[in-house]
1. Residue by residue through the stretch 167-176, note down the ones that are more than 8 Å from the ligand (Cβ to nearest atom) and either assigned to a helix (DSSP H, G or I) or open to solvent by 20 Å² or more (accessible area, probe 1.4 Å) (or both).
2. Which of (1) assigned to a helix (DSSP H, G or I); (2) open to solvent by 20 Å² or more (accessible area, probe 1.4 Å) is the odd one out, the single condition Arg294 does not satisfy?
3. Please find, within the stretch 94-112, the residue that is modelled with the highest pLDDT out of those that are surrounded by fewer than 21 Cβ atoms within 10 Å (Cβ to Cβ) and within 16 Å of the ligand (Cβ to nearest atom).
4. For Leu182, are the conditions met, namely being farther than 29 Å from Pro302 by Cα, part of a strand (DSSP E or B) and away from the ligand (no atom under 11 Å from the Cβ)?
5. Determine if the stretch 55-63 includes at least one residue that is within 16 Å of the ligand (Cβ to nearest atom), within 16 Å of the chain's Cα centre (by Cα) and open to solvent by less than 30 Å² (accessible area, probe 1.4 Å).
6. I'm trying to understand the selection: among the residues of the stretch 291-306, which are within 12 Å of the ligand (Cβ to nearest atom) and of a type outside the set (Phe, Trp, Tyr)?
7. Being crowded, with 20+ Cβ neighbours inside 10 Å and basic (Lys, Arg) narrows it down to one of Arg370, Arg338, so name that one.
8. Test Lys404 against the criterion of being out of contact with any Asp or Glu (no Cβ under 7 Å at 6 or more places or on another chain) and either of a type in the set (Gly, Ala, Ser) or surrounded by fewer than 19 Cβ atoms within 10 Å (Cβ to Cβ) (or both), and give yes or no.
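The values are calculated or read from the model by the stated rules, or taken from the named source; none is laboratory data. Model, not experiment: these values are computed from the prediction. Cβ coordinates were reconstructed from backbone atoms using ideal geometry, including for glycine residues, and neighbour counts include every protein chain displayed. Side chains are part of the model used for accessible areas, which takes the heavy atoms of the whole protein and leaves out ligands, DNA and RNA. Shrake-Rupley method; radii C 1.70, N 1.55, O 1.52, S 1.80 Å.
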Amino acid sequence: MDKIVVEGGRQLNGEVKISGAKNAALPVLVAALLTDGWNTFKNVPDLRDIDSTRQLLTHLGAAVERSGETVRINAAGLNNPEAPYDIVRKMRASILVLGPLVARLKRARVSLPGGCAIGARPINLHLKGLAALGAAIDLDHGYVEAKADRLTGADIYFDIPTVTGTENLMMTAVLAHGTTVLRNAAREPEIVALADMLTGMGARIEGAGTSIITIRGVDALNPTTFTVIPDRIEAGTFMVAAALTRGQVTLRGCEPAHLEACTDKLKLAGAKISVEDKGLTVAGGDAFNSVDLRTQPYPGFPTDMQAQFMVLMSVANGLSVISETIFENRFIHVSELRRMGADIRVTGNTAVVRGVSHLSAAPVMASDLRASASLILAGLVAKGSTEVNRVYHLDRGYQAIEKKFAALGAAVRRLPA
Ligand code: EPZ
């Protein structure tokens with residue numbers, strides 16, 4: 001398996017182009033199932049999860065073509081209601097096909113995604129919503145089976161705002177009879193992007209980006225063309241990298257409005273940030289202040305940036321308290337950071353980080369996507385050569401990360417297995 005080797009101590013300087021967002025691309029590609037005819041997607045990142053989506057959609061009967069950053073999908077041949085274990089186990093977001101399959105084929109059989117390294121990650125709220133829209137749901141041999149001859153709009157309340165749950169039910173409700181109201185819906189930019197895509201297909205959706213989304217069902221949707229929004233987590237990762245190495249990096253093609261929580265925390269920590277149209281520049285100060293943070297659903301601080309920010313706090317002055325409120329086991333990077341000399345204590349969902357003067361390189365193991373990114377960040381400032389193993393996690397969600405870092409002056413290289 002490939003590994004990434006990082007020689008610490010180089011400042012990052014220059015410009016980096018932010019790719020399309022993984023978590024926005026996955027649901028919009030799946031939404032192509034809702035219509036026949038060729039949909040065109042631009043700015044699609046080149047990632048392992050996108051390949052898994054292509055494999056899944058092809059398995060279901062859709063035609064998928066890719067040329068550079070453009071992907072075209074035609075679901076006229078959609079005929080298979082089953083998403084098998086072999087694909088779903090590689091990518092939990094495969095559950096997104098559940099609603100669209102029921103809407104188009106009246107039935108779906110989707111392998112139940114298990115837990116993953118960061119938590120149990122149930123899908124009860126997806127299923128509760130689908131049942132409210134009229135689907136009969138069974139769990140059998142590790143699969144969710146959902147059937148509905150007719151889907152009817154409903155009032156659905158989410159106990160917790162769920163990103164993929166909101167997306168799944170939006171995609172189901174657009175073809176249901178009557179009106180659906182999603183309450184306590186997720187408000188992430190990826191939800192707004194999906195609503196924009198569906199609206200472009202002829203769906204009638206109001207309120208995306210707020211906690212109440214109203215969807216008036218239509219009989220059929222048309223193919224459309226859609227540009228994937230920039231990846232706010234990739235952008236946030238480079239923002240932290242710039243600050244951490246006390247360099248100056250300009251991010252091109254990002255959306256500053258999606259990055260406000262990260263911008264705020266980085267400024268409090270002492271970084272200088274100037275915002276431009278579709279870009280921003282981050283410059284690290286001489287020293288960092290410790291800052292507390294608590295992960296929250298958008299627009300709060302994203303759980304997907306918690307590990308990266310913890311690295312910055314590991315070398316800040318003083319004590320930082322980091323609370324993870326979204327996933328119950330998202331501190332798996334802590335033991336690896338400790339091996340690199342970080343002083344972090346975890347009690348329940350809270351990590352207390354006491355800044356140290358420096359980190360020291362060590363071989364470390366990546367355990368999930370964002371934890372992997374945090375270990376590269378740690379390597380950028382550690383003394384010596386850090387080896388990050390199991391980098392397949394990174395390839396799921398960061399496009400050419402080692403090349404982007406190297407172009408900014410970091411000594412980061414991939415060693416093939
Ligand atoms: C999405 O996961 C993202 N994935 C995650 O990205 C991200 O960390 C997460 O949202 C939170 O922002 C995609 O968009 C593909 P949730 P999702 O449902 O939708 C609980 C990354 O690294 N919950 O919003 O699976 C759940 O356990 C990742 O790119 C239920 O209890 O997350 C969690 O505590 C990993 N029942 C909370 O809701 C449900 O039915 C929020 O999870 C669904 C969720």
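1. Correct list: Asn168, Leu169, Met170, Met171, Thr172, Ala173, Leu175.
2. (1)
3. Going through the qualifying residues, I end up with Ser111.
4. no
5. No: the stretch 55-63 contains no residue that is within 16 Å of the ligand (Cβ to nearest atom), within 16 Å of the chain's Cα centre (by Cα) and open to solvent by less than 30 Å² (accessible area, probe 1.4 Å).
6. Thr295, Gln296, Pro297, Pro299, Gly300, Pro302, Thr303, Asp304, Met305, Gln306
7. Answer to the check: Arg370.
8. no
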